[in-house]
Structures are given as C-alpha cells and as structure tokens.
Amino acid sequence: MVASTAFTGQFPQTRLRRLRKHAFSRKLIQEHTLSPSDLIYPLFIQAGDSQQTSIPAMPGIFRHTLDFALKEAEKAYALGIPAIMLFPAILPDQKSCLAEEAYAKNGLVPTFVRALKKKLPNLGLIVDVALDPYTTHGHDGIVDQTGYVLNDETNLILIKQALTLAKAGVDMVSPSDMMDGRIGVIRKALDEQGFIHTGILAYSAKYASAYYGPFRQAVHSQSLLIGDKKTYQMDPANIEEALREVALDIQEGADMVMVKPGLPYLDVLAKVKSTFAVPVLAYQVSGEYAMIKAAAERQWLDERLVVLESLLAFKRAGASAIISYYALEAAKWMNASSLTPHDAGTPAI
Ligand code: PBG
C-alpha cells in the first residue's frame, strides 16, 4: 500500500516538479542564461597566405593565416561575440632562449593586431603575455642553466611584450605566465607609457594542467617543452593558494581575473567569485574541447547539448565570460534557439 499515500494529498506538500512541468514555467524560473556576449573566441595564427592548418588534437580548429583570421574574426563579430584572443604559432627558427620575437614590433601578433583593429575596430582584442610560443624550451619564461624559470628576469621581458602589444593596439593584455609580481610591473609600464586604457586580464589561478596538451601542439611548443611547468603554474591540489593569487593580481591592478582550466576547476571559480567582487573569466581549455569533440565524433555524446550545458555551468559557477574554442559554434546554436523562443523541445539554455 505504499503507492496510496501519494494520493492522500498529505505528501509531498511541496512539489518542485510542478514548475518543471511546462516550458513556460521552466523559463520563468531559470536562474542563469547564456548568450553570445558571454563568449571569447581564441584564434591560432600563423604566417603565410590562404592557409588553414589543422591541429590533430583539435578537430575543427585551425591555425589561420591573416586572410582567414580576418574572416574568422568577422564571423565572431557578426554572431555577437564581444572579443577574440590571438595565439601565435611561429616558425621554429624564430624561437630563441630569450624569446626576442615576443616583443618584435613587426612580429606575427602585432601585424595581425593592426590588421584586425583596422578592419574590426569594435571587436575586443585580447592577447596573451607569456613567452612559451617564442622560447626554444617551451617555457613561459626564461630559464637558468638548471632549467629553472627565472621570475624577475622574465618579468622584464613580459613588460616589453606587453608594451609591444599595447602599441600595436590590443584592448587588453593577458598575462598567462604565472610569474610573481608581473601584473604590477606591467600595469606600471603601461601607465608610464600612456596606455592607461589598455586593460589587464590576469590568468590568476592557472594550474599546471595536463588539459593544455592540444594547445601546446597548436603553438608548436609541446615537443620542445623540457620538463613541466610546476615551478610556476599552480598545483591542482590547491584552492586557498588560488585566492592568494587572485588577491595579489587585483591589488596589482588586474581588471579581470581568470581561472584555468575550466570545468574541472568550477569550485575554484565559484570560490573566487564569492570572495572577490570582480569579473572572473573561465577558460574552457584545449583539452576540454578535445574531450567533447572526440566523444561527439564517435557519436557518444550530443555535441550541441553537451557544449551548451558546459558553458551554462560556467555561468552558474559565477563566470562573467568564457573563453572557448566552441565560441563560434556555440553562438550559432544560441542564436538559433533564440529564433525559436517557444520551442519547448529546446533545453533550458
Ligand atoms: C601560454 C598558454 C597556455 C594556454 C593558454 N596560454 C599553455 C600553457 O600554459 O602551457 C592553454 C590554453 C589551452 O589549453 O587551451 N602560457
């Protein structure tokens, strides 16, 4: 006689499923939403003409020459994506121990920045400050004889890189190197040179993660990398340390902070958001892209639904915006579902 209690009207008194029954009430009680304006699209770039080179561990993502990069940026802008990021894949003979190419005025990145800004002045342009695409050893900073990444010496080069990027016209620089004190010295140098409006998006809590593998393949640093990045990137075991990193970066002048990687670190994101009243960004990194893509190719997962659900999870955890290789596709999916606003079959996204 277990079932009969359900019909007595005594229990359960509160039925949360009542509001889930209809599409209209599901929409009314939705706590978080997604739109293309939540997204930042990272672009890999390379020298040359009319080429899109595939990246084996990131099907659907390419290294673009300038003509293709401009087209990709136009697509992003037309879809309502507010900003893009650039990551250079430079030629092996341009890499060096001291990463001189990182601050070359007419290097790959500054050239793309000038062209993009000319064509799409209102599309936000954010570029990493870190040396790994430019060093022969694949580290984000310069190394001593033992292979240790030197902090203060690296900062001096990062300052030069940030100034080169600011002069080329980026809207924000994005230090991803995890050197101590780099936000403060970069802010100071930008201000002294009059770049008071160039923002800083700090990769504040950046973990030494295996999820960056496909990215390193994309910028040709994977095979070069000697050792790992554990002496500067954070230990995945730590969360209090992330709060200390974020506190320092804010104090040193960061405009926005970031937690990276994304989905496996949502607890860190939520904690940073609840501790500091600042914009916090999430990076759905290359390994996360690769995992979803690989499962989708085998038709083990529904790619659209899994991507939109993952992006929504970032918003729920407190992200102001999400850097995602899926940005273009996701924005298309979002725009398509907003054209059919009463489609009860579309999930709450
Ligand atoms: C460079 C940098 C990395 C990523 C962004 N900037 C790689 C690294 O730190 O090894 C990773 C992004 C991704 O995996 O998508 N410092």
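The values are calculated or read from the model by the stated rules, or taken from the named source; none is laboratory data. Note that this is a predicted model, so its numbers are computed, not measured. All Cβ positions, even for glycine, are placed from backbone atoms using ideal geometry, and neighbour counts span all protein chains on display. Surface areas here come from the heavy atoms of the whole protein model, side chains and all, with no ligands, DNA or RNA. Shrake-Rupley method; radii C 1.70, N 1.55, O 1.52, S 1.80 Å.
A few notes on this one:
- Filtering segment 283-294 for residues that are open to solvent by less than 40 Å² (accessible area, probe 1.4 Å), under 24 Å from Gly181 (Cα atoms) and not basic (Lys, Arg) leaves a non-empty set.
- Number of positions in segment 213-249 that are within 11 Å of the ligand (Cβ to nearest atom) and charged (D, E, K, R): 3
- Taking the listed residues Leu125, Leu91, Leu120, the one that is at pLDDT below 95 and among the aliphatic types (A, V, I, L, M) is Leu91, with no other qualifying.
- Odd one out for Val259, checked against (1) over 21 Å from Gly199 (Cβ atoms); (2) touching a residue at least 40 places away in the same chain (Cβ under 8 Å); (3) open to solvent by less than 60 Å² (accessible area, probe 1.4 Å): (1)
- Selection count where residues are assigned to a loop (DSSP other than H, G, I, E, B), in contact (Cβ under 8 Å) with a residue 40 or more places away in the chain and under 16 Å from Leu66 (Cβ atoms), scope segment 105-127: 3
- Note on segment 284-318: among residues that are in contact with a Phe, Trp or Tyr (Cβ under 8 Å, 6 or more places away or on another chain) and among the hydroxyl-bearing types (Ser, Thr, Tyr), the one that is farthest from Ala242 (Cα to Cα) is Tyr289.
- Residues of segment 89-135 that are of a type in the set (Phe, Trp, Tyr) and out of contact with any strand residue (DSSP E or B) (no Cβ under 8 Å at 6 or more places or on another chain): Tyr103 alone.
- Pair list, Cβ < 7 Å and 6+ apart or interchain, from segment 187-208 residues that are within 16 Å of the ligand (Cβ to nearest atom) to residues that are open to solvent by 50 Å² or more (accessible area, probe 1.4 Å) and of a type in the set (Asp, Glu): Ile200/Asp255; Leu201/Asp255; Ala208/Asp228; Ala208/Asp235
- When Ala69, Ala78 are checked against the criterion of being open to solvent by 80 Å² or more (accessible area, probe 1.4 Å), within 19 Å of Ser324 (Cα to Cα) and either of a type outside the set (Asp, Glu) or touching a Gly at 6+ places or on another chain (Cβ under 9 Å) (or both), Ala78 stands alone in meeting it.
- Helices (runs of 4 or more DSSP H) fully within segment 188-288 counting 3 or more residues that are among the hydrophobic types (A, V, I, L, M, F, W, C), at pLDDT 95 or above and under 17 Å from the mean Cα position of the chain (by Cα): 266-275
- Any hit, segment 320-327, residues being more than 29 Å from Leu150 (Cβ to Cβ) and away from the ligand (no atom under 14 Å from the Cβ): yes
- Sole exception among (1) of a type outside the set (Gly, Ala, Ser); (2) within 16 Å of the ligand (Cβ to nearest atom); (3) farther than 24 Å from Pro214 by Cβ for Leu131, by number: (3)
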